[in-house]
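First the structure, in the form of structure tokens, and then the observations on it.
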Amino acid sequence: MHEWKRTSSLNTRKWYREQADHYAARFGEGDRFWQPKYYAVEIYSRQKLEEKLVYMHQNPVRAGLVEHPTQWLWSSARWYLEGRSVGLPIRWPPGLESDG
């Protein structure tokens, strides 16, 4: 398992670099595809998890790609908001399954 994780991580990094090179060649070096800064957020409660899910699910809505989060094809919003399958199994993280 450790070897698989390491190999898949290296392959993912390679793929992102190739995509970044492709993007830069097409759109120029000055434009960024990914945000330049990020920060880690500790999810310590169900309330904080739901807050972050709402934020993530609203991204395609804010970008004007869909009117409702459940309309975004690659979103987990259908599962979290409507209990509908998204084609992959989703579970609440251990310890955050319920409010109490």
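Computed from the alpha carbon atoms alone, the convex hull of segment 41-100 holds 91 Å³ per residue.
Rounded to the nearest whole Hz, the Karplus-based 3J(HN,Hα) values (6.51 cos²θ - 1.76 cosθ + 1.60, θ = phi - 60°) of segment 43-50 follow the sequence 9, 10, 8, 4, 4, 5, 4, 5, with x at glycine and proline.
No lab work stands behind these numbers, since they all come straight from the coordinates. Just so we're clear, the structure is a prediction, and the values are computed from it rather than from any experiment.
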